[in-house]
Structures are given as structure tokens and as C-alpha cells.
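Undergrad: Quick one: structure below, then a few questions.
The values are calculated or read from the model by the stated rules, or taken from the named source; none is laboratory data. All of these numbers come straight from a predicted model, not from anything done at the bench. Methodologically, a virtual Cβ is constructed for each residue, glycine included, from the backbone with ideal geometry; neighbour enumeration extends over all protein chains shown. For accessibility, only protein heavy atoms count, side chains too; no ligands or nucleic acids. Shrake-Rupley method; radii C 1.70, N 1.55, O 1.52, S 1.80 Å.
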Amino acid sequence: MRHKIPALLSLALLAAPLAAEQTAQPARPAAPQAAPAPTAQPESPLQKPLDDAIHLVQAGKNAEAFQKLQAIEKDPNMTPLVLSLIGALYTEIGKPQEALRVLKPQADSADAQPAVLYNAGRAALRAGKVDEGRVYLTRSVLKQPDSPAARELGMLTARDGRVVEAYSMLRPWALRNPNDTEARLMAADLAVQLERGDDAIQLLSGFPDSEPAVRLLRGKALVLKKDGPGAVALLKPLLTKHPQGMDLEVRRSLAEAELLAGQPAEAAKLIDGKTAGHPALVLLLARAQRQAGNAAAAAATLKPLADKLPANADAIGDPRPVMGIALEYGSLLMEGGHAAEAVPFYQKATVYNPRSADAWKALAKALDAAGRKDEAQKALAQATAAANAPARQAATAPKAPPSAPAAAAEGPQEQPLSEGLQKALQLMSQGQSEAALTAVRQEIAVSKDPRARMIEVRILLSLRRPEDALKSAETALATDPTNADYVYLKGASEMALQRFSAAEQDLRKALQLQPRHLPAMDDLAVLLLRANKKEEARKLLQQVLQINPQDQVAAANLKKLNGEAQQ
């Protein structure tokens, strides 16, 4: 069934209009007398050969179908709609170049129909013209948000590794078309990658556990939902019988499930000697060994990676693995009574992610145990500031009607937020970030309101998913490169990823586009302080407080800066 879905859609999109075209009659003037009995309208001369061609396609007789379609093309009764259907059929029989030749003239027209654009997009993709296909599919979705082009575009985007964007298109499609099993499985896989266990379970509903890929995905979803015993029951049978190439992924997922189920020794057995030096697997093994009471083994497992931890995070990409290693190794040292030795590892964790309240708290505890009381207090203050960061990001989310204070003061009023975006902001203010993310992505899938992307990025940052936030910000920025809000969000995402140089560049660009952009001013001041550019940071913070005297973050940073100057 799943391989037939695109073919059925491409033909169905054109079949109804074709029928209407064939039966439509020109208007006639009213007869002065009673009308005669109606007579049957003649069938289109193209109907029979088209039906024959479709039957040949369905029977897999592609060569005969190709000859039939070529003959129909030359028929003097040809219409644009019939030509579109021929193009769709060419794609189905493996002739994408012919399909594109037929469909391109109509698809390149500004008033092209969504169905024509969809079929032209499919033909272009199969002809190896990916960029051209992407353009046709995108135009189809813009004209008709529920077009099957959203499905094709979502699958293409998923293969490109753009997980968030692909999921925003595929999930609504999969829920509307549950028989499209290929799209549902892809959407479920994306949901797992985005750590959305409930969504994955919903998308996998009705699939048999006898399918190894389904069983693995469902097990991963249960791990995300913290259902260790349930995940173990699903994944254990898969360990003894699974397709080639799936072994390590099954072991990793089952080990995570065993940890949740309170069986750390079993988890360690699954991956001991099989980590291949992969940081995430090494960290998982060390956690299992530690929870099993074998701290020495955990320390020995982690030490090779802990010794190689970088001093900064400028080139590490995703900071989560190195941060996890630093925190885990620091905890092992703390438990062994080596607080002073743990401090450098916790310090690295705060460098990798300065917005992690947990990292700052762990550092404060180690500093206190090492007798460095004053530094411990400062670390606790940083933990408090980091814990309040998501609330601050939520407070800066766009509200109706303005999207930013400066825009409200200097520009025209915007349209009120849609009901979906209002719901997302309400959930966000209530601390229900996951539910807010679902709401805003549903809005992105059906509307083109630029504020939806802005809210999505802020939610992702509050959930500490900076890589996904950066992808979303870049997607938004591609649609409007001079939008100061988009440029700021890209900079904020890079800042969360510890790409400080790129972040500073983007924050400065945002201020060039909108000189009174308060969030950009605040974050740039933080970067300047980090780079020891204190005078520029001081002037920037003073400007922020002149614009908004209630900005407590700016006030706290300026107070700290002035205190250091006095000392």
C-alpha cells in the first residue's frame, strides 16, 4: 500500500476535474417552449484511450502504456487537463523526463494548479532535478496547504536531515492519511528524534510489533516516556532476532530501557565492549556501571573521553554529549571525595552550556565542598539566572498585536495572532513547553505567519534544543533575510550552541537592522562580558535600561559589572 500512495494521489487529483471537463456543456438560451427530453451527452473521445492507458499502468505493462500515452498526446482533442494526467502517468511508468516535458509548461505558469505543481515536483525529483522539484512542491503547498506535495516535501526534507521542518509537514499529513504507512513511519521516526514520545506512540498506532523497525521505534518512544519495563518487554525479543545493521541501535535502546527499569547491571552488559568509542554510548555505559555500584569501572570507562574534553565549545557542535561526560565524571569524583578535582569538569560543563542551571548547581556544590565558599555563592547566582532564562525567553515571545517593543513603537500594528499561536503562547506561559511546541508546529503546517517560527525557536531554546532551534531560525531567515527578529533568533541559537563568534556577528547584524532590538542588545551584552569587552557591554546595558527600566536581567548584569569595577 505505501508504495502506491503517491501514484493514487497523482491520478486522483486530476480525475475529478477531468470528469467535470468532459461533462461540462456550454450555456444555452432558454427555449420558448417546453424543453425536449434530455439526451445523453457524448463521451469525450479521449476517455476510452485514457482508461486503456491507466489499465495498462495498473497492470504493470509500462512499455505498452508508454506507446498508448504517446499516441494520446498527438490527439487533436487534447486539453491541458488531459495533458496533466498524461504527465502524471509518465511518472508512474518510470519516464520522469517525459513527464517533466509535458508538465513543465503548465507548472511554470504563475496560475498553475496545485495538482499540476505536485505532479511536476514528483517528476522533477525522479528525474534527478531535486532543486526544481522542491520549488514545484513548495509552490503546490503554498497554494493548497493540505496538498499531497506536503508529503513529498516532508520526505525530501527528512532525507536532508532537517528534522524539525520535515516533522511539521509529515505529522499533519500522516494523521490525515493513516493508510500512508511510509509517511507515518517516517513521521514516527522524526518524533523520536525530537524526543516526542507521545506523538510517536500515536503515529505508530495500529502497526504490528512483528515489524522490527516498528518495534524499535515503539520501544524508543516508551523510553522517552520513561516507561522502562514496557520498553524492556518490547525490545528484549528484538535483541535475539533483528535485521542486519540494527544490533547496536537495539542494544543502546534496550540499555536505556534497563536503566529506567532499575536494572543497571543488565544495561552495562548490553553495551560493554560495543561502544566503539562513541561518546553517547560511552556515557551510557558509564552511567550504567555507576548505578550498578561499580564507580571504579565507570571512572575507567569515562576517563579517556574526560581527559580529552575541550577547554571551550567553539567547535564541538552539539554540546550535550561533552556536557554529559563532564557532569558524569565530575559526579564520580565528588562521590569519591575528590571535590577539588571535580571543579574543573563542572566548570567545563558551564562553559559548554552557560544556560544550564543543573551545571551551575553542580559546580556550586563542588566549590563549596572544596572550601571555595565565595565562588560557590557566585555559581549559585548563575544557577538562579539560568533557571529564569526560559521564563525570560517566554516573556519576549511575540504578543498580539506587536512582535517586539521597538516594532510596536516604530511600525504599524500587526494582525492579531491566530487561535493556534495564542494557544501556543498560553501553554508556554504555563510552563507546558512540549504542548506549546506541538501547537506552534501545527500552526506552521497550515499557515505562513512569520511569528510562528519565532515562537517555535524560543520554545526550542527553552527546551534546551539549540540545534533544532538553529535549524528553525535558518528556515525562517531564508524566507526573509532582513528580518531582525529572525537574525536575532539565529544568533541566540548559536549562542546556546557555544558558537560565540557567529552569535556575536548575528546579534550585531540584528541591531543594524533594528537598533532598539532589546533581546539582541541583552544577549550581545552577555557575549561582550564573556569576551572581556566590559566598556562596550556597559554602554549597551545602559541603553537597554533607558529603553526598558524593568529589564531585570540587564539591571543585574550592569550591577555586577559596576561592582567589579569598584573592586
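Undergrad: Go through 320-329, 374-383 and give me the packing order, highest mean Cβ count within 10 Å leading. Could you put the intermediate results ahead of the total?
TA: Values: 320-329: 23.2, 374-383: 16.7.
Per-residue Cβ counts within 10 Å, averaged per peptide and sorted highest first, yield 320-329, 374-383.
Undergrad: Further question on the same structure: Please work out how much length the chain gains when fully extended from A340 to K373, using 0.36 nm per residue of separation minus the C-alpha to C-alpha distance, in nm with one decimal.
TA: On the way: separation 33, 0.36 × 33 = 11.88 nm, distance 1.26 nm.
So the chain would gain 10.6 nm between A340 and K373.
Undergrad: In whole angstrom, how far apart do the alpha carbon centroids of region 280-314 and region 354-373 sit?
TA: Going from one Cα centre to the other spans 19 Å.
Undergrad: Then there's this: Only sites in a loop by DSSP and with at most 16 other Cβ atoms within 10 Å count here; which trypsin sites (Lys or Arg not before Pro) in region 260-289 make the cut? It would help to have the intermediate numbers written out before the result.
TA: Working: sites: K269, K274, R287; in loops: K274.
Sites meeting the loop and neighbour criteria: K274.
Undergrad: Now for a different question. What ranking, highest mean first, results for peptides 96-107, 225-236, 57-68, 182-193 when packing means the other Cβ atoms within 10 Å averaged over each residue?
TA: Numbers: 96-107: 21.1, 225-236: 18.4, 57-68: 15.4, 182-193: 23.6.
Descending mean neighbour count gives 182-193, 96-107, 225-236, 57-68.
Undergrad: Tell me, what % of the accessible area of region 419-506 is carbon and sulfur with a 1.4 angstrom probe?
TA: On the way: 1580 of 3220 Å².
Summing carbon and sulfur atoms, their accessible area is 49 percent of the total for region 419-506.
Undergrad: What percent does the relative contact order of region 451-567 come to when contacts are Cα pairs within less than 8 Å and at least six residues apart?
TA: Values: 131 pairs, mean separation 18.0, N = 117.
Reported relative contact order: 15 percent.
Undergrad: I'd like the Kirkwood hydrodynamic radius of region 454-567, using the inverse of the mean 1/r over distinct C-alpha pairs, in Å. Could you put the intermediate results ahead of the total?
TA: Details: mean 1/r = 0.0700 Å⁻¹.
Over region 454-567, the inverse of the mean reciprocal pair distance is 14.3 Å.
Undergrad: Order of 535-543, 451-459 by packing, highest average Cβ count within 10 Å first? Could you put the intermediate results ahead of the total?
TA: Working: 535-543: 16.9, 451-459: 27.2.
So the peptides 535-543, 451-459, ranked by packing, come out 451-459, 535-543.
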